[in-house]
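A short worksheet on the structure shown next.
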Amino acid sequence: MESRMPNRLPFHRLAVFPVLLAQFIVLLLAALALWQWHGVVAGYSGLCGGLIAWLPNLYFAHKAFR
C-alpha cells in the first residue's frame, strides 16, 4: 500500500525552532524586566504584546517548514 503522507520532521527538529525558542526567551525576559521596573500592568502588557508578535511567527513557521 502506498503512503500519501510524506515523512516529516517533528517541529522541534526543524531549523527554525532555535530562532523561535530564542524569540520566546527574549519575550519572557523583557516581560519580566518590565514587571520588575514598571509594575505588574507593564509586565502583563509586555507579555501580551510579545505573544501577539510571537504567535503568528510560530504559525507561519509551522506552515512554511512542515
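Please treat every number below as a calculation from the coordinates, not as lab data. Here the structure is a predicted model, which is why all the values come from computation and not from measurement. In this analysis, Cβ positions are derived from the backbone assuming ideal geometry, glycine residues included, and neighbour counts consider all displayed protein chains.
Quick notes
- Here residue 8 fulfils each of the conditions (1) in contact with a Phe, Trp or Tyr (Cβ under 8 Å, 6 or more places away or on another chain); (2) not in a helix (DSSP H, G or I) apart from (1).
- Look at the stretch 29-42: where a residue is within 17 Å of residue 54 (Cβ to Cβ) and a partner is of a type in the set (A, V, I, L, M, F, W, C), sitting 6+ places away or on another chain with Cβ atoms under 8 Å, you get 31/47; 34/42.
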